[in-house]
Structure formats: C-alpha cells, structure tokens
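*Asks:* I'd like to ask some things about the structure below.
Bear in mind that the values in this text are calculations on the coordinates, not laboratory data. Every value quoted in this text rests on a predicted model; they were computed, and no experiment measured them. FYI the Cβ positions are ideal-geometry reconstructions off the backbone, even for glycines, and counts take in every protein chain you see.
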Ligand code: R5P
C-alpha cells in the first residue's frame, strides 16, 4: 500500500474492486457495490466472541481480500465507528489488500477544523492523520469545510451530496432554497441551481447547542415552497428556527434538507413544523430518502500501479 499513486480513469467497468462496508455505512456500501457492479466482502461485527464484557469492538473480514483493490466505506460517527474503521484497516493490511480507497461518507469532527480557543486540538486534522495510515486515497462527501482535505497526505477528494438531494426534490416544485447560515451558502446555491430555484441565506447566531437566533431576511417566501438546506442536521435547532421564521413569513411548504442527518436527541420533534425532512445515506437514519452512491461511484478513480 501507499507510495505515490497515478490514476488512469474512472472505475465504471472494473473487474476486481471489492467493497468492504463498516457498520456505519452498510446501506451505502451495498448501493456503491451495485453502482460499480463490484463484489462485497462480508464483515462480522460482534462484541468480542471471547466475551470481553467491556463493549470493545470486534470485526472479522469474511471474504478474501488478498491482492484486491478495496473500497472501504465507513462514516466516522458516532465515535465507536472510528475504532471500527481502524480495525477494518488493520485487517485489510494484514490480509494483504492491494489498494484501499477509503470513502468516509460523513467525516465527523469536520466542524472543529481550527482552534477556536487556545489549548484546543484541530480535531479534523487529528482524525485525518490517523485514519490515512490505513488508506491509499480518501473520498469525503460534502465535508463541512473542503479545506479539511489538506489534513490528508494521501490523495483526497470531496464529493458533493447535494445532487442526491436535488434528485429527491426534483418533483417538489421548490421555489426558494435557503441556507440557515452563511457557512451553508454553497450548499443552498448548488441545490438551487440544480432545481432552477432562487436562493438566499440567513444570518445565524448560535447562543448554545439548543438555541440559535436567526435574523429575519427580506427574501420573499409568502405563498412559496421553500427548502432549507445544510450540510449537517444535528440537534435540528438551526433548521427548525429558520423554518419557524419562513412559516411566519407565509411559506406554503417547508422542507428541511441535509446531506448528513445525525438527528440527535429530540431533533425530529424540533423539526416537526417542517412538511418534510430529507437526508442522504451518508448517515443512515429514518429521514434517509436518497443515496449518494451514484455521485461517489462516478468520482472514484482507479489506481494504475
Ligand atoms: C454548523 O456549522 C453546521 O453546518 C450545521 O449548521 C450545524 O451542525 C447544525 O446543527 P444543529 O442541527 O444542531 O443546529
């Protein structure tokens, strides 16, 4: 593994690629295997069969990976999935996989991509440095900041999850796409362009994890169908607050959309004022409506050496 990589062309008609999916990304792993017409390698996930009663992870590859090109798919949320990823990488190296392309559908810790206060880690960098050890190249999906790719010393690419959301919303006659804050502008713009809708963004001030203030905007939503889009829905506070505001301003239909649906705690209740909640399969949840597999599959490049 490792060493400088040269790339030839996309994987479309590949022969020997095998997909290994971690337990955070089983559905997406299957969808990718089907999009790439690749085989999957089964993985057993259990508590340690020896019976260690301390909740340590245990994995076992149940297929042959020697000399194979592997597409390893695993989101790094929640934290235990990071440990599982490291175990999968170790097993793949030990079983002599030829090349490991790592797809991280949801790259957790991406929001701590810099120090906000002295003494803090750059968590995204810490994670990138460690997980790149067991990969030859890496693909993220709608990373919170594409700048996190610089933390990898291996070839790294970010694939947008927005086209998947656009596919889902195509028939929904959305008039306006809104970003709940300035950081999410690029997501709103991309979605609006795909849907042929107008777009704008709101000014958000976060007071704490469960409280945000959203500045009323002059964007006209009276009688219109609105989609509010962000990369991540965590507590749902950002989008729920924005949704309340556009409802008060007369929006006739409000969709809450995100690439990565973490939906922690009471988030779904918070979002109950929305007509629809849509997320992709980068994180598997009850709101997963569409897969990013076509976009990820189309972005993969095949190593030559
Ligand atoms: C923050 O910068 C992210 O883009 C999201 O806006 C945030 O994670 C959403 O969190 P919540 O759903 O808890 O408001």
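*Asks:* Cα axis of helix 80-94 to longest principal axis of the chain: angle in degrees, 0 to 90, nearest 10?
*Replies:* 30 degrees
*Asks:* Taking the Cα-to-Cβ direction at residue 39 and at residue 96 and moving 7 Å from each Cα, how far apart do the two end points lie in nm?
*Replies:* My value for the distance between the label points is 1.6 nm.
*Asks:* Given the chain, what whole percent of its Cα pairs are spread farther than 26 Å? Each step should come with its number before you reach the end.
*Replies:* On the way: 21792 of 46360 pairs.
Considering the chain, 47 percent of its Cα-Cα pairs are separated by more than 26 Å.
*Asks:* Which percent, to the nearest 5, of DSSP beta bridges fully inside region 163-281 are antiparallel? It would help to have the intermediate numbers written out before the result.
*Replies:* Numbers: 4 of 22 bridges.
The antiparallel fraction comes to roughly 20 percent.
*Asks:* How far, in degrees from 0 to 90, does helix 237-248 lean away from the longest principal axis of the Cα atoms of the chain, to the nearest 10?
*Replies:* 30 degrees
*Asks:* Same structure, new question: Report the extension gain between residue 269 and residue 58 in nm, rounded to one decimal, defined as 0.36 nm multiplied by the number of residues separating them, less their alpha carbon distance.
*Replies:* Values: separation 211, 0.36 × 211 = 75.96 nm, distance 3.42 nm.
That works out to 72.5 nm of additional length.
*Asks:* Angle between the Cα long axis of helix 26-36 and the longest principal axis of the chain, 0 to 90 degrees, nearest 10?
*Replies:* 80 degrees
*Asks:* Let me have the 222 nm mean residue ellipticity of the chain computed from DSSP H runs of 4+ only, each contributing -39500 (n - 2.57), with the sum over all residues rounded to the nearest 500. Each step should come with its number before you reach the end.
*Replies:* On the way: 8 runs with 77 residues, N = 305.
Value at 222 nm, helices only: -7500 deg cm²/dmol.
*Asks:* How many angstrom lie between the C-alpha centres of region 61-129 and region 223-283?
*Replies:* Between the Cα centres of region 61-129 and region 223-283 lies a distance of 29 Å.
*Asks:* On average over all directions, what projected area in square nanometres does region 198-286 have, based on the convex hull of its Cα atoms?
*Replies:* 5.4 nm²
*Asks:* Quick check: convex hull over the Cα atoms of region 40-181, volume per residue in Å³, rounded to an integer?
*Replies:* Numbers: hull volume 23.3 nm³, N = 142.
About 164 Å³ per residue, rounded to a whole number.
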